[in-house]
1. Against the condition out of contact with any Leu (no Cβ under 7 Å at 6 or more places or on another chain), open to solvent by 10 Å² or more (accessible area, probe 1.4 Å) and not in a helix (DSSP H, G or I), how does LEU178 come out, does it pass?
2. Among the candidates ALA256, ALA233, single out the residue that is at pLDDT below 95 and over 24 Å from TYR93 (Cβ atoms).
3. Considering only the stretch 112-138, state which residues are charged (D, E, K, R), within 19 Å of the chain's Cα centre (by Cα) and open to solvent by 40 Å² or more (accessible area, probe 1.4 Å).
4. Under 6 Å between Cβ atoms, at least 6 apart or on separate chains: pull out the pairs that start in the stretch 194-206 with a residue that is closer than 14 Å to GLY320 by Cα and end on any residue that is among the hydrophobic types (A, V, I, L, M, F, W, C) and surrounded by 13 or more Cβ atoms within 10 Å (Cβ to Cβ).
5. LYS11: among the charged types (D, E, K, R), open to solvent by 20 Å² or more (accessible area, probe 1.4 Å) and touching a strand residue (DSSP E or B) at 6+ places or on another chain (Cβ under 6 Å), yes or no?
6. Would you list the helices (runs of 4 or more DSSP H) that sit entirely within the stretch 215-299 and hold 2 or more residues that are touching a Phe, Trp or Tyr at 6+ places or on another chain (Cβ under 6 Å) and open to solvent by less than 50 Å² (accessible area, probe 1.4 Å)?
7. Please go through the stretch 205-214 and give me each residue that is open to solvent by 20 Å² or more (accessible area, probe 1.4 Å) and outside any loop (DSSP other than H, G, I, E, B), ordered by number.
8. All but one of (1) in contact (Cβ under 8 Å) with a residue 60 or more places away in the chain; (2) touching a helix residue (DSSP H, G or I) at 6+ places or on another chain (Cβ under 7 Å) hold for TYR255, so report the exception by its number.
Amino acid sequence: MRAAIVEAPGKVTVTTVEDPAPGRRDVVVKVASCGLCGTDLHILQGEFAPTLPIVPGHEFAGEIVAVGNDVTELAVGDKVAVDPSLHCHECRYCRSGRGNLCDNWAAIGVTVPGGAAEYAVAPVANCVKLPEHIDVTDAALIEPLSCAVRGYDVLKSNLGSEVLIYGSGTMGLMMLELAKRTGAASVEVLDVNAQRLETAKLLGCTGAAARAEEFDRPGGWDVVIDATGNAGAIQDGLGRVAKGGTFLQFGVADYATTAVIEPYRIYNQEITITGSMAVLHSYERAAALFASGVLDPAVFISDRLPLEQYPQAIDQFKAGVGRKIVVQP
């Protein structure tokens, strides 16, 4: 089969590799679509993935073409989306229900071969069967949506919150859509990319701007979400949180990124600073939301490229062109 391979930091190619075979509790998925995200850039930089080479791709969906001997829950021909999370179920975090913080954390497309290929192997327990009306070439959106759902689990948003989101890429737009559905009184979006801001406007944000100063919000926002991972955005956002408010670090920053906090202000104004890591008990809910039409794939997916153009897709994503980019084998 054909697959994208991150061979070394900064080097990705598309080549022929052996077809995968399922273990006894695995399935083989013929990949219909595989999304790119910031994690893929980190893997390309030599971060996250413990060893290279690796077949990337943790956002994918497709049709089952083979099942292991002990698989009874799903069958050949079923359309599925795949939760990439691989938890050990043995460490203290897994035992306390915090598998996303697993001491032995692993993931399909990060630590084991993923969906940037014609076929991918996944544990049957990680597969969510999709209803017939879902176009499986759109269903790569479910994994990032599940991360956004986890983010709102962490926020425990109050009705009537005023929300500020940094970034109107795929994740920022998903956080916008969920903010609208979790009772936000207003949702304002910041981005230096004017084209992306137009998409935020299309989706119904309260306001869109390049700088927070353009909004009349002297007291700050109840909820500030960074969906960029950019040091400047993070630093600015920390100063925009209202008294009693919450700052959520949702975007994936480089390992070396730092920001300055003001301990007295955090204490005196009871400000919460928190983070959201990947997927936790949120994938099936995201699949259900996706099936209900919470996202419009035509808005979120800007580019569909053949698998052979994976290196070009990575370059386009790195340049910030478009919204969600998917490759289709």
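1. No: the conditions fail for LEU178.
2. On inspection, the qualifying residue turns out to be ALA256.
3. none
4. LEU197/ALA208
5. no
6. Values: elements: 231-238, 263-268, 283-291.
Where helices (runs of 4 or more DSSP H) fall fully within the stretch 215-299 and carry at least 2 residues being touching a Phe, Trp or Tyr at 6+ places or on another chain (Cβ under 6 Å) and open to solvent by less than 50 Å² (accessible area, probe 1.4 Å), they are 231-238.
7. If the condition is that a residue be open to solvent by 20 Å² or more (accessible area, probe 1.4 Å) and outside any loop (DSSP other than H, G, I, E, B), then ALA208, GLU213, GLU214 are the ones that fit.
8. So TYR255 meets the others, but not (2).
The values are calculated or read from the model by the stated rules, or taken from the named source; none is laboratory data. Remember, it's a predicted structure, so these values are computed and weren't measured experimentally. Note: ideal-geometry Cβ built from the backbone for every residue, glycine included; neighbour counts use all protein chains shown. Quick note on the areas: whole protein, heavy atoms, side chains included, nothing else; ligands and nucleic acids left out. Shrake-Rupley method; radii C 1.70, N 1.55, O 1.52, S 1.80 Å.
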